[in-house]
Amino acid sequence: MLLELARIKIKENEKFKEFNQRFITLLNKIPDKPPEAILIEYYTVALPLIVAMFVKRKEVRTLEENFEEAIQIEKDLA
């Protein structure tokens, strides 16, 4: 499961909400969750570069905050 989470990628025309749901569903199947810093890294690697650059920041943010920001960026780009 953890390897599958590390390999997840957003599909070309997939909405962030749909991707977030797939990510969270996969994450919930893992009994021993990895540290949040690793989860954020998995999430940002799965995003397109144009969006991931906004997620990777100096300050450590929660996974939920990164989800919200990615959804907002998608709305702004549309």
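Observations, loosely collected:
- In the chain, the DSSP-assigned H stretches of four residues or longer account for a calculated mean residue ellipticity at 222 nm of -20000 deg cm²/dmol, using -39500 (n - 2.57) per stretch and the full residue count as denominator.
- Sites excluded, GluC sites (Glu not before Pro) in DSSP loops with at most 15 other C-beta within 10 Å, longest stretch of the chain: 15-58
- Positive dipole terminus of the chain, leading residue within F23, L3, Q72 (C-beta point charges): L3
- Normalised by the number of residues in the chain, the mean separation of alpha-carbon contacts (under 8 Å, six or more apart) gives a relative contact order of 35 percent.
- Long-range lysine pairs (8 or more apart or interchain), the chain, Cα under 18 Å: 6
Every number in this text was worked out from the coordinates using simple rules, so none of it is lab data. Here the structure is a predicted model, which means the values were calculated and not measured. Here the Cβ is made from the backbone with ideal geometry for all residues, glycine too, and neighbour counts use every protein chain on show.
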